[in-house]
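Okay, so here's the structure we're looking at.
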Amino acid sequence: MMERDVHLHAQGLLGSLQFRPGDFGEYGIISGQLQRAQRCLQLLENPVKNFTFLGYTFWTGTYKGKKVTVGNGGFFAPDSAFVTEILCVGGIQTLIRLGSCGGLKKEMNVGDFIVVDKVLRGDGATRYYVDDKFVPTVDGDLTKKLVDVFSKAGTVHQGGCWTTDALFKETKEIVNPYIEKGAISVDMVTSPFVTLANIYKRKVCAVLAVSDNLITGAMGFADFRFFDAEEKMTKLAFELIS
């Protein structure tokens with residue numbers, strides 16, 4: 001039988017990676033896709049690689065005099081949960097997510113932006129951290145800034161994001177009840193990202209580029225409008241810092 005309280009914790013993992021307090025910046029701009037993180041990296045001055053672990057890589061540099069960390073923070077709920085916990089324990093105070101999602105409104109087009117103001121938990125990872133009644137909360141001021149900044153560059157929809165664990169189980173029987181609860185988008189990351197930030201009392205927000213639409217059936221994973229939105233979001237996110 002296991003007698004220790006926990007097998008592995010974030011502090012211990014960071015120590016094994018030779019991470020030192022202060023290595024991360026105050027701000028973290030986090031995405032799922034590595035190439036999206038690398039675009040952010042190009043905007044940093046004097047970036048230093050913090051570590052690479054299980055394919056997740058983080059760099060820290062400066063942007064207009066402020067210390068900023070960028071990196072790829074997970075594709076799915078489980079990896080997003082433990083990576084976000086590492087970032088919080090490492091000292092990042094403000095977490096900004098650059099993600100992608102499926103649209104849940106007919107009028108949403110590939111390449112539109114979703115600014116998340118409500119999180120609906122459909123994942124399993126967060127149940128290890130909080131009970132089913134817990135409601136993740138994004139920062140109101142940061143969310144308002146996202147709307148202001150991204151409205152200058154494209155179409156913005158503000159509303160709820162439902163996080164699921166089952167990509168091939170986005171059936172109408174499962175999806176429609178979440179739409180009725182206020183979801184206008186679906187992804188596989190935002191719930192653990194925001195939940196862990198809340199647990200560690202960090203400021204957090206999320207903006208997502210629409211890659212497909214569950215209502216119309218549109219698929220835009222290889223659409224130039226989606227790639228253009230990704231390019232724009234990596235630059236626009238820094239306006240929250242400046």
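Taking 8 Å as the Cα distance limit and 6 or more residues as the minimum spacing, I'd like the relative contact order of the stretch 111-188 as a percentage. For the stretch 111-188, the relative contact order is 44 percent.
What FRET efficiency would be calculated for the residue pair D131, R20, taking the C-beta separation as r and a Förster radius of 30 Å, to the nearest 0.05? For D131 and R20, the calculated efficiency is 0.30. Computed from backbone phi with θ = phi - 60° and the Karplus coefficients 6.51, -1.76 and 1.60, the 3J(HN,Hα) list for the stretch 81-90 is 5, 6, 5, 4, 5, 4, 5, 5, 5, x Hz; x is used for glycine and proline. Shape verdict for the stretch 49-156, please, from the Cα gyration tensor: rounded (a/c under 1.5), prolate (a/b greater than b/c) or oblate. Taking the square roots of the gyration eigenvalues as a ≥ b ≥ c, the stretch 49-156 is oblate.
Let me make sure I get this right: for the stretch 62-114, a, b and c are the square roots of the gyration tensor eigenvalues over alpha carbons, sorted descending. Under 1.5 in a/c it's rounded, otherwise prolate if a/b > b/c, else oblate. Which is it? Don't skip to the answer; put the middle values down first.
Numbers: a/c = 3.46, a/b = 1.60, b/c = 2.16.
Note, shape of the stretch 62-114 comes out oblate.
Accessible surface ranking for F221, F53, 1.4 angstrom probe, highest first: F221, F53.
Overall form of the chain: oblate. Here a/c, set by the Cα gyration tensor axes a ≥ b ≥ c, is 1.5 or more, and a/b is not larger than b/c. Residue by residue, the stretch 199-214 carries 3J(HN,Hα) couplings of 4, 8, 6, 9, 6, 8, 8, 8, 10, 10, 9, 6, 9, 7, 9, 6 Hz when phi is fed to the Karplus relation 6.51 cos²θ - 1.76 cosθ + 1.60 (θ = phi - 60°); x denotes Gly or Pro.
For the stretch 115-147, the list of trypsin sites (Lys or Arg not before Pro) that fall in a loop by DSSP and count at most 10 other C-beta atoms within 10 angstrom reads K133. Centroid-to-centroid, using Cα positions, the stretch 225-240 and the stretch 22-77 are 15 Å apart.
How do 182-194, 97-109 rank on mean C-beta neighbours within 10 Å, highest first? List each step's numbers first, then the result.
Numbers: 182-194: 26.8, 97-109: 22.2.
Result, highest mean Cβ count within 10 Å first: 182-194, 97-109.
Phi angles across the stretch 68-74 convert, under the Karplus curve 6.51 cos²θ - 1.76 cosθ + 1.60 with θ = phi - 60°, into 3J(HN,Hα) values of 10, 10, 10, x, 9, x, x Hz, Gly and Pro given as x. Loop-located GluC sites (Glu not before Pro) in the stretch 1-50 (DSSP state other than H, G, I, E, B) with a sparse environment of at most 10 neighbouring Cβ atoms within 10 Å: E3.
In the elastic network of the chain, a GNM with C-alpha springs shorter than 10 Å, the most mobile of D223, D131, D23 is D131.
Contact order for the chain, expressed relative to its length and based on alpha carbon pairs under 8 Å spaced 6+ residues apart, stands at 26 percent. Protein heavy-atom accessible surface, 1.4 Å probe, per residue over the stretch 1-160: 50 Å².
Amide hydrogen proximity for V119: with H placed 1.01 Å from N in the peptide plane, the residues at 5 or more positions away or on another chain lying under 5 Å are C161.
The values are calculated or read from the model by the stated rules, or taken from the named source; none is laboratory data. Predicted, not measured: the structure shown is a model, and the values here were computed from it. Ideal geometry is used to build each Cβ from the backbone, glycine not excepted, and the neighbour counts take in all protein chains shown. These accessible areas exclude ligands, DNA and RNA; they are computed on the full protein's heavy atoms, side chains included. Shrake-Rupley method; radii C 1.70, N 1.55, O 1.52, S 1.80 Å.
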